[in-house]
Amino acid sequence: QVQLVESGGGLVQPGGSLSLSCAASVDIFTIYAMGWYRQAPGKQRELVAIITSGGNTNYTDSVKGRFTISGDNAKDTVYLQMNFLIPEDTAVYYCYFRLGRSWGPRYDYWGQGTQVTVSS
């Protein structure tokens, strides 16, 4: 019942910008957190940014000051604005939702991934 649809990836020159979005169809679940992960070739998946239902955000050190995560709870959508991109940002980016019911268990879901390539 849960589907995540990503958009916004592409090719950009160093110093450029890209915006990613991810919309979720969550049925009756409550959204507890939304975020973005990425995985570069030969590297393990890492957390890029996360935003909780209370609006608190957290970023990995390498993107602080350059990326901004935001969410629209009414639209069940998470966004990632990426500025001043560098080649090290090249990766497949996956959106993330933590879902559950008020008194039940919580589950993690990921989108299909979108390629971000920063040329060097």
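Within the range 58-76, residues that are farther than 21 Å from Gly100 by Cα and of a type in the set (D, E, K, R) sit with their Cβ atoms under 7 Å from residues that are assigned to a loop (DSSP other than H, G, I, E, B) and open to solvent by 50 Å² or more (accessible area, probe 1.4 Å), at 6+ positions apart or across chains, in these pairs: Arg66/Phe84. Within the range 61-70, the set of residues being closer than 13 Å to Thr90 by Cα and surrounded by 14 or more Cβ atoms within 10 Å (Cβ to Cβ) comprises Val63 only. Within the range 54-72, at least one residue is of a type in the set (A, V, I, L, M) and within 20 Å of Thr117 (Cα to Cα).
If I ask for residues that are assigned to a strand (DSSP E or B) and within 17 Å of Lys43 (Cβ to Cβ), which ones from the range 93-113 would you list? Listed by number, the residues that qualify are Tyr93, Tyr94, Trp110. Can you name the residue in the range 77-106 that is open to solvent by 70 Å² or more (accessible area, probe 1.4 Å) and in contact (Cβ under 8 Å) with a residue 12 or more places away in the chain and, of all such residues, is nearest to the chain's Cα centre (by Cα)? Here the residue is Tyr79. The set of residues in the range 43-60 that are within 11 Å of Tyr94 (Cα to Cα) and either surrounded by fewer than 19 Cβ atoms within 10 Å (Cβ to Cβ) or not aliphatic (A, V, I, L, M) (or both) comprises Arg45, Glu46, Leu47.
Residues that are in a strand (DSSP E or B) and aliphatic (A, V, I, L, M) within the range 52-92 comprise Ile69, Val78, Leu80, Met82, Ala91, Val92, listed in sequence order.
The values are calculated or read from the model by the stated rules, or taken from the named source; none is laboratory data. On a predicted model such as this, the values are computed, not experimentally measured, just so you know. Cβ sites come from the backbone with ideal geometry, for glycine too, and all protein chains shown count toward neighbours. Ligands, DNA and RNA are stripped out before the accessible areas are found, and what is left, the full protein with its side chains, is counted by its heavy atoms. Shrake-Rupley method; radii C 1.70, N 1.55, O 1.52, S 1.80 Å.
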